[in-house]
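To keep things clear, I will list the structure first and then write my remarks on it.
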Amino acid sequence: MNPYPEVIHSKLPQTGTSVFAVMSQLANQHNAINLSQGFPDFPVSEELIGLVHKYMMKGLNQYAPMPGVPALRERIAEKTELLYSASYDPETEITITAGATQAIFSAITAFIREEDEVIVFEPAYDSYVPAIKLNGGVPIVFNLKSPDYHIDWDEVKKLLNSRTRMIIINSPHNPTGSILSAKDMMALEKLTKNTGIIILSDEVYEHIIFDGLEHQSVCRYPNLAERSLVMCSFGKTFHATGWKMGYCVAPKNLMKEFRKTHQFVVFCANTPVQHALAEYLQDKENYLGLSKMYEKKRDFFNQALASSRFRITPTRGTYFQLLDYSKITDEGEMDFARRLILDHGVGSVPTSSFYSKPFNNHSLRFCFAKSEETLEKAAEILCRI
């Protein structure tokens, strides 16, 4: 027996297991339809899988260069130019990462020092605040304005001071499905002009946007792009979340610092998958058709819920739909989400879990990146509640 008792001082004492994992595990334990964790239940492209196999069989199974396979970085540069008329140097301004969450953590670690303040808009993806705290930073939380979850930039301006080091934005937005407009981007540009503030732009759902709307990447705005790190996800785009493949684009001066951290977090990402993606991206239809496919799924799910007691405000992007249950019960979100699994067999995620402090919108997030059969079964159950 160790005579010296081990004392652990947690750096994240209030943080438990991710709510996505908790709700997904609960759904699996009770054989519920899992619309909680954000992953598709339909197959990855056979062509893409075939390309991964091809490059594995060619023996490309060892470490990739730290910034990523050159051919893939070149395809990303071409894609960014095509979509946003923005030029990034594949050699010095694009890095392939082991998923966007790793890219986000590496960016925060690279730039946030003790007592630096980072503005976070909540509800927010749950990795932002812990990464800030782990690096000694101070998250300054600002709640999006319901019911459309917009940003009041005049109020945000009041939060800025000499300690403000970073602002994190996310569009299309997880979990609400809201998007930032050109007006939002111009407001952010004005807010950060003549400051040293860095923008971390989480754009993992860039190709999943609906109703004829256009994704307003920070890459479109030169005065924002020069201070921004943009995070994107191949896992989200190509229905392969388990591959954990993403990338970061940023101007050379920011990317230089990003790579210093990236190399010691993961060094490099999966080599044969990078080669496969480089070839797959040569056909731009492999990503340009994504919005139409997911918009069809959104509309199918929402139409199937038309007779339910849930209030639906159709999502404008991502593959998540918020459902307001205030006409059904006054229960807290976690309690109702658990009861949905235990009593009705449908898994979701409470919106309150995307806030750092207790918050109750009486709404749950459902993932519609599923087959129509799965969505129809879930909707039938939800309509009976």
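The values are calculated or read from the model by the stated rules, or taken from the named source; none is laboratory data. Just so we're clear, the structure is a prediction, and the values are computed from it rather than from any experiment. Here Cβ is always computed from backbone atoms with ideal geometry, including for glycine, and neighbour counts include all displayed protein chains.
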Members of region 74-94 found to be more than 24 Å from M185 (Cα to Cα) and outside any loop (DSSP other than H, G, I, E, B), listed by number: E74, R75
Please find, within region 117-169, the residue that is nearest to D324 (Cα to Cα) out of those that are of a type in the set (S, T, Y) and out of contact with any strand residue (DSSP E or B) (no Cβ under 7 Å at 6 or more places or on another chain). S146
Is it fair to say K54 is within 21 Å of D202 (Cβ to Cβ) and among the basic types (K, R)? no
Tell me which residues, restricted to region 223-277, are of a type in the set (S, T, Y) and part of a helix (DSSP H, G or I). T237, T241, T261, T271
Here the residues within region 44-73 that are in a loop (DSSP other than H, G, I, E, B) and under 27 Å from the mean Cα position of the chain (by Cα) are V44, S45, Y63, A64, P65, M66, P67, G68, V69
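Do you know which of the residues in region 190-216 that are under 16 Å from L254 (Cβ atoms) and touching a Leu at 6+ places or on another chain (Cβ under 8 Å) is surrounded by the most Cβ atoms within 10 Å (Cβ to Cβ)?
Selected residue: S201.
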Residue satisfying all of: in region 310-332; buried (at least 16 other Cβ atoms within 10 Å of the Cβ) and in a loop (DSSP other than H, G, I, E, B); nearest to the chain's Cα centre (by Cα) among these: T318
For residues that are β-branched (V, I, T) and either modelled with pLDDT of 85 or more or exposed (fewer than 14 other Cβ atoms within 10 Å of the Cβ) (or both), scanning just region 16-40, find the one that is farthest from Y294 (Cα to Cα). T17
